[in-house]
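The values are calculated or read from the model by the stated rules, or taken from the named source; none is laboratory data. In this text the structure is predicted, and so the values were computed from the model without any measurement. Cβ: placed from backbone, ideal geometry, glycine included. Neighbour counts: every protein chain shown.
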Amino acid sequence: MASAFSFGFFFFLVLCINNSSFCNGSSNSNMSCIESEREALLKFKKDLHDPSNRLGSWDDAADCCKWSGIICDSITGHIHKLLLRGPPNPLNFEADDEIDDQAISFNELHAFKRALLGGKVNPSLVELKHLRHLDLSNNDFGATPIPKFFGSLRSLRYLNLSYAKFSGVIPHQLGNLTHLRVLDLHLFDVTLGGFAKNLQWLSHLSSLRFLDMSYVDLSQASDWLEVTNSLPSLTVLHLSSCLLNFNVPLPYHVNFSSLAVLDLSLNYFYGGSRSPIRQGIPEWISNLRSLASLDLRQAANGSPIPEGIQNLTSLVHLDLSYNYFSNTSSIPSWLYKMSGLNFLHLGYNYLGGTISSRITNLTSIIMLDLSYNHFEGKLPTSMGSQLCNLKQIYLPFNEWNQSISQILDSLHGCVSSNLEVLDIMDGQIYGQLTDQIGQFKSLTKLALTFNMISGPIPVSLGNLLSLRYLSLGHNHFNGTLPEPFGQLAKLEYLDIYGNEYMEGVVSEAHFANSTRLRQLEAGRTPLTLDVRPSWLPPFQLVSLDMESWHLGPSFPLWLRSQENLSVLILSNTSLEDVIPSWFWDSFVFSYLDLSHNQMHGRIKKLSVDSGIDLRHNGFEGPLPSISSNVATLYLSNNMFSGSISQFLCNRPSEQMNLVILHLQNNQLSGAISNCWSTKWKNLMILKLSDNKFNSTIPSSLGSLVLLQSLHLRNNNLSGELPLSLRNCTELITLDLGGNMLRGRLPAWIGTRLLNLQILSLRSNKFQGRIPEQLCALSALQLLDVAHNNLSGFIPKCVYNFSSMVGGDDYRAFWYKANGTITSFEEDALLVMKGQEMEYIENLVYVNSIDLSGNFLSGEIPTEITSLAKLVSLNLSNNLLTGEIPHGMGKMGALESVDFSVNKLSGEIPPSMSNLSFLSHLNLSYNKLRGRIPLGTQLQSFEASSYIWNSLCGPPLTQNCSGDDLNPTAENKTSNGDEDNDDNELSWFYLGMGMGFAIGFWGVCGCIFFNRRWRHNYFWFLDRMKDNIYVASSLKVRWLKEKLGDCFHNA
């Protein structure tokens, strides 16, 4: 996309043409260089870091005027120019955003970094007294200060230090360069901390024509406007992201008499991060009648748009994006009158309504950007015939709600033959893309992602021979990929991701001439690749995503030819092979995903630099080693085995960047090593569940203060929870279920881990009371301490679980790494509706409490009925008494309730019949009585939900008193059959004796002769004794407390 920077550079080129004395790029000198200057250059080289040997020609023997980057005067032999600009940053897409950053291969990025000069700038440069042109831009000087001695190079006309990673205060000595015409101090970014407290030194540079101080902190420089306004020759001024104060005292007259390019973007607040103050666009800009380019991107942020901009009749470039103007909800009418505009960017402003037909007044427009607004309706049909200069139109993230054919109709005419960029991504577009698209033969970029376009991909797309970027992902296309795509010889980026209705075979012909293809995003599109095993693709991909394609069972050998491959995603592609050895030797990936296949074998080392996903395969052996740069590692659901110590503790001094580590569901065993504190401090998500670890929880886990998710469930861990875990205050999930942990539930869980959303300690050996401090976990959505040895009462303070009372209907799990907030996939094992299930995608909707399988006593607290968002409540298999709380009907979100195997009494609350979402209910084995409340909900359950109570009514067959009774058979007695009664009694006693003998010896004999049965029998008796003892003790304690209260009151 074009930008204000490119327009400023255009003016700079004009300067160069008119001032060849400092922009000439070659030398016709036949003179040898001056010896003192040659010596100065050699000293300068000595202090530089030059890993790629860019200055290899600088040696003692050669004439320095013939060295790389050196230009000498053709008459005197003095050095006039030192041109050491580094290569352009491949990750900087200001000039061209068509290919995203994944298209940069690891090799290319590595080569770029090696080509940068660094080190120290030696003061020997002051010996170059005739130096007019110094360019050190696009290098890496490691945030060192700009050398003050640059102010001694008094012959300089041109000084470019942009993107060279200089930092610190801008030296005022630069004010000595009175002949300077170009000064470019554009910093790499704001993190370098470059600043200037005032700009008085600039006032001496009366010849200055080009000034760029972008990303230099000028929040303290209250004289910035006065000084820059006083520069009589200034033509180009870039002050982007300088924390400028627009409300500084105004000079007597702000006119910038020569100014043609003004960039004040990214200055919507000033004062720095400590005291940001929002501000609007200054009104004095409307007086700058000579302006040809004005960049006010993100300069207002909610303030009014100055109507005085319409007075700038010379404007050809206007960028008002990212401002969210407060005084307009649509495009201002005066903007349609600026017929001289070539470039207009109105994106990210919450503008809405329809596009007026007056837009056709912008007859000079070349680039029009209306992205990220709320525009709707049809485009004016006359645009295609009247905006004949239009080459780029950006319409994404709006609400057009029309067919793709209607949009193409609006652009039909002279526009269709000249248009180069058409972007309607996420524009609520539907309908079929027909061969009508073939009329736009000049297109280099077509982006239609995230719409509802259906039907087959038209064959005519293969005729757009200028296409470089084609994005059709996340639509409803069907059929297969047209074979004429193989004729798109200029295509660099192809995206058909997420078109789940596509099918068919893709052959070698589909890529016949794709020699420039670098990025293929085709995941989740179930196509079949049918190529020869010996196929050598014509392209060299940097990024490849073929998730859900049919590639297997053999590993694709053609990948070996892709020398620059950096991102590879072959998830769920039916691969059943061993990864060949050449695969790890040939590539260094930034991201690798081979998950959800049936690959197997051992892996010694993962040659990946950022992210690895090998989940759901059959890899075996010890864990492979990884690079310290890896941020995410997913190795779950494999067959990795052995100790984890080598993986964790090897090279203890090496700091790892790993943020996510998934190792669950393998066969890892032994101890969880106690060496987390030395090298794993960046970990935020750690999953070691479903392995065979058999140690205590290592105390060093408490040093992972950034940890947000810890899963250790289903191992053989023992001991108590280490106190050090209370340092992990960022924890969102703590899942330690299915182990042999013991001790009391620590109160510090509720006082220190205040961010907890998921707490699962089920199936351990914890004992004692549930600490009331847990009620401080207001964000808690899942509490599971089932199947422990907990006793005491259920805390009444459960109403403090705010997330269960009235939390958001949707929550996500987030982690923050390297300044970026990213969602992550959390999981939990829940017993819900009588079944144990793993929740992943739907976990964010679930609120659950499970206290089952303990020795909890007392009544169910009525406060629990305030948890209106609770989905599942399981209190079964305890010693609870009293009645079911009458307010249960207020818990409208309940889907599962289990109160079985307790000592609950009283009647079922009638309000429970109002629980319309209830799909699982178990009240069996209690002391409930009375009628089951009528209502379709409670009558829909099986009778087994109510058995072993004193209940009546449907669905039970037992009718309640007062109901119509079914007739019963009369008791019939016969006074004349007394003799028969005696005989029957005899047979009864005989049968009872024989039954006793058989039953007694049948049981006792088995116990006597079978050791295993005997052990189980006496274990059962011991368990029964313990239960009776605990119940009796609790009852005695309760009686003592009651008697004590009575005596106390007396």
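Miscellaneous remarks
Matching residues to (1) within 23 Å of residue 519 (Cβ to Cβ); (2) in contact with a helix residue (DSSP H, G or I) (Cβ under 7 Å, 6 or more places away or on another chain); (3) not acidic (Asp, Glu):
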{"site": "550", "(1), (2), (3)": "yes, no, yes"}
{"site": "558", "(1), (2), (3)": "yes, no, yes"}
{"site": "566", "(1), (2), (3)": "yes, yes, yes"}
{"site": "603", "(1), (2), (3)": "no, no, yes"}
{"site": "608", "(1), (2), (3)": "yes, no, yes"}
{"site": "638", "(1), (2), (3)": "no, no, yes"}
{"site": "652", "(1), (2), (3)": "no, yes, yes"}
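- Whichever residue in the range 478-492 is buried (at least 16 other Cβ atoms within 10 Å of the Cβ) and out of contact with any helix residue (DSSP H, G or I) (no Cβ under 7 Å at 6 or more places or on another chain) and, among such residues, is farthest from residue 466 (Cα to Cα): 480
- Pairs, first surrounded by 18 or more Cβ atoms within 10 Å (Cβ to Cβ) in the range 158-177, second of a type in the set (Asp, Glu), C-beta under 6 Å, six or more apart: 160/135; 160/184; 162/184; 165/140
- When residues in the range 101-126 are screened for being over 37 Å from the mean Cα position of the chain (by Cα) and crowded, with 20+ Cβ neighbours inside 10 Å, 2 of them pass.
- Failed item in (1) hydrophobic (A, V, I, L, M, F, W, C); (2) under 28 Å from residue 738 (Cβ atoms); (3) touching a residue at least 40 places away in the same chain (Cβ under 8 Å), with residue 676 passing the rest: (3)
- Qualifying residue in the range 728-749 (condition: surrounded by 23 or more Cβ atoms within 10 Å (Cβ to Cβ) and of a type in the set (Lys, Arg)): no
- Filter pass, residue 343 being of a type in the set (Phe, Trp, Tyr), closer than 22 Å to residue 444 by Cβ, surrounded by 15 or more Cβ atoms within 10 Å (Cβ to Cβ) and in contact with a His (Cβ under 8 Å, 6 or more places away or on another chain): yes
- Extreme residue, farthest from residue 671 (Cα to Cα), among residues of the range 724-746 that are in a strand (DSSP E or B) and under 33 Å from the mean Cα position of the chain (by Cα): 733
- Only one of 219, 241, 214 that is touching a His at 6+ places or on another chain (Cβ under 7 Å), surrounded by 16 or more Cβ atoms within 10 Å (Cβ to Cβ) and small (Gly, Ala, Ser): 214
- Enumerated strands (runs of 3 or more DSSP E) restricted to the range 453-552, each holding at least 1 residues that are aromatic (Phe, Trp, Tyr), more than 25 Å from the chain's Cα centre (by Cα) and under 20 Å from residue 435 (Cα atoms): 476-479
- Taking the listed residues 645, 574, the one that is among the polar types (S, T, N, Q), more than 23 Å from the chain's Cα centre (by Cα), surrounded by fewer than 18 Cβ atoms within 10 Å (Cβ to Cβ) and on the phi > 0 side of the Ramachandran plot is 574, with no other qualifying.
- Unique match (being of a type in the set (A, V, I, L, M, F, W, C), under 21 Å from residue 40 (Cβ atoms) and assigned to a strand (DSSP E or B)) among 134, 156, 125: 134
- Tally of residues being without any contact (Cβ under 8 Å) to a residue 40 or more places away in the chain, buried (at least 16 other Cβ atoms within 10 Å of the Cβ) and not in a loop (DSSP other than H, G, I, E, B) across the range 768-785: 4
Every residue, every condition in (1) closer than 17 Å to residue 472 by Cα; (2) among the β-branched types (Val, Ile, Thr); (3) surrounded by fewer than 22 Cβ atoms within 10 Å (Cβ to Cβ); (4) at pLDDT below 95, yes or no:
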site: 349; (1), (2), (3), (4): no, no, no, yes
site: 353; (1), (2), (3), (4): no, no, yes, yes
site: 365; (1), (2), (3), (4): no, yes, no, no
site: 381; (1), (2), (3), (4): no, yes, yes, yes
site: 387; (1), (2), (3), (4): no, no, no, no
site: 391; (1), (2), (3), (4): no, no, yes, no
site: 405; (1), (2), (3), (4): yes, no, yes, no
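Residue-by-condition table, conditions (1) over 21 Å from residue 793 (Cα atoms); (2) out of contact with any Gly (no Cβ under 6 Å at 6 or more places or on another chain); (3) surrounded by 22 or more Cβ atoms within 10 Å (Cβ to Cβ); (4) of a type outside the set (S, T, N, Q):
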{"site": "837", "(1), (2), (3), (4)": "yes, yes, no, yes"}
{"site": "850", "(1), (2), (3), (4)": "no, yes, yes, yes"}
{"site": "855", "(1), (2), (3), (4)": "no, yes, no, yes"}
{"site": "880", "(1), (2), (3), (4)": "no, yes, yes, yes"}
{"site": "884", "(1), (2), (3), (4)": "no, yes, yes, yes"}
{"site": "887", "(1), (2), (3), (4)": "no, yes, no, yes"}
{"site": "901", "(1), (2), (3), (4)": "no, yes, no, yes"}
{"site": "916", "(1), (2), (3), (4)": "yes, yes, no, no"}
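- Filtered residues of the range 793-807 (kept if buried (at least 16 other Cβ atoms within 10 Å of the Cβ) and over 17 Å from residue 885 (Cα atoms)): 800, 801, 803, 804, 807
- Residue satisfying all of: in the range 407-437; of a type in the set (Gly, Ala, Ser) and within 18 Å of residue 370 (Cα to Cα); surrounded by the fewest Cβ atoms within 10 Å (Cβ to Cβ) among these: 410
- In the range 264-317, residue modelled with the lowest pLDDT [restricted to those that are surrounded by fewer than 21 Cβ atoms within 10 Å (Cβ to Cβ) and acidic (Asp, Glu)]: 283
- The set of residues in the range 159-184 being over 17 Å from residue 203 (Cβ atoms) and in a loop (DSSP other than H, G, I, E, B) consists of 161, 162, 163, 164, 165, 168.
- Count of the range 142-153 residues, restricted to those that are in a loop (DSSP other than H, G, I, E, B), at pLDDT 95 or above and not β-branched (Val, Ile, Thr), is 2.
- Elements of type strands (runs of 3 or more DSSP E) in the range 866-958, at least 1 residues being on the phi > 0 side of the Ramachandran plot: 927-931
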